[in-house]
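**Student:** One structure, pasted below without further comment.
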Amino acid sequence: MNGELTIGIDVGGTRVKAALIDASGALMNQLNVPSAVGGDYQAVLGQLIDVADRLSREAEDNKPVGIGLGVAGLIDTERQRVLTSPNCASLNGRPLSGDISQGTGLPAVMDNDANYMALGEGFCGAARGSRHYIAITLGTGVGGAVISNGVLIRGVNGGGELGHIPIDRMGPRCSCGSHGCLEAYVGRSGIQRYISRHMPQHKERGLKELSKLAARGDGAAIQLFGYIGTTVGILMAGLVNLFSPELIVIGGGIAEAGDILLGPLEAELRRRAFDEYLPPLQIKPAELGNWAGVIGAATAARIMVNEQ
Ligand SMILES: [Zn+2]
């Protein structure tokens, strides 16, 4: 064990993941439990306090010194309030980190889950040592963050919602209420729509199975990952022109498809972004998998405690 421990918690729509984490980013005592976010606020709060208490007890004589909470949704980090959480409506408007701090007696800090995934990858994953990178995570929704000159970019009320950058003036309706957003194309429902329309023979198959089929040379499956990679590449070209990063980290289940996804993404990027910005640019799959958000949250808690 390396230095003081902090607790990282990733509050998702289906699972709550949490762990004790030491100063080197090593995970200990991982918990992965069904999420109570379908219930009312007290149920959610009770579950998260319980998870933190359990980890504190397990830490024995090296008690954790703080808690980081990653929550899917729009978070007002300044006032530490959940603005809206699409999968956890009972959290809307709530000062979740403050209430958890009160319930556990530990300082707590909260941010968007994709921001913490990006910080986790920067701390001890694929973006280790990088000060200029973009992290994007492709799952049911599409999230991400831009780290520029070592700082996570945010604005007055949040920001960093890469999945909700429009890439088409018309485009399909998005879960956020707008249309033509990146997520409307390569979020889970956008991909389902593509499969139904262009490869109905594969309608019943999951993405994991389709990536195996693509690796074995199935033309339709290859085309699907080409569609996803190209679409993400369009947005990334814009972000590369805006921020000139040295690295793009791709996370989420779909990223496990590897080159059949990253190849078309890179090709599209090369077609669209400034040539001058391309030579230092690397594209890498995320390294910390499902636990990046937990590690990032615990790291944020460590930074908060050290700054106090
Ligand atoms: Zn949207």
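No lab work stands behind these numbers, since they all come straight from the coordinates. Source: prediction; values computed, not measured. Cβ: placed from backbone, ideal geometry, glycine included. Neighbour counts: every protein chain shown.
**Student:** For a protection proxy built on the mean count of beta-carbon atoms within 10 angstrom, sort 265-273, 121-129 highest first, please. List each step's numbers first, then the result.
**Tutor:** Values: 265-273: 18.2, 121-129: 20.8.
The packing order, highest mean first, is 121-129, 265-273.
**Student:** Another one. What residue among Ala72, Ala292, Ala214 has the largest mean-square fluctuation in a Gaussian network model of the chain, using Cα springs under 10 Å?
**Tutor:** It is Ala214.
**Student:** Oh, and also: When the gyration tensor of the chain is built from Cα positions, what are the square roots of 5 times its three eigenvalues, in whole Å, from largest to smallest? It would help to have the intermediate numbers written out before the result.
**Tutor:** Details: eigenvalues 217, 89, 68 Å².
Each semi-axis is the square root of five times an eigenvalue, giving 33, 21, 18 Å.
**Student:** Still on this structure, I have one more. Measuring from centroid to centroid over Cα atoms, what is the spacing of region 117-175 and region 195-248 in Å?
**Tutor:** Between the Cα centre of region 117-175 and that of region 195-248, the gap is 18 Å.
**Student:** If you don't mind, another one. What percent antiparallel are the DSSP beta bridges of the chain, to the nearest 5? Don't skip to the end; give the middle numbers.
**Tutor:** On the way: 25 of 44 bridges.
Rounded to the nearest five, the antiparallel share is 55 percent.
**Student:** How far is helix 188-198 tilted off the main Cα axis of the chain, in degrees rounded to 10, range 0 to 90?
**Tutor:** Tilt of helix 188-198: around 20 degrees.
**Student:** Can you give the angle from 0 to 90° between the axis of helix 219-243 and the longest principal axis of the chain, with both taken from C-alpha atoms, to the nearest 10?
**Tutor:** Compared with the principal axis, the helix lies near 70 degrees.
**Student:** Same structure, new question: Considering region 88-135, what Rg and Dmax in Å follow from its alpha-carbon atoms?
**Tutor:** 14.3, 38
**Student:** Here is a further query. Enter the per residue convex hull volume of region 129-286, computed from alpha-carbon coordinates, in Å³ rounded to the nearest integer. Display every interim value, and only then the final one.
**Tutor:** On the way: hull volume 18.0 nm³, N = 158.
In region 129-286, the Cα hull volume divided by residue count equals 114 Å³.
**Student:** Can I ask one more? Which lysines does Lys284 reach when only Cα atoms under 27 Å apart count, and residues fewer than 8 places away in its own chain are ignored?
**Tutor:** Lys17, Lys208, Lys212
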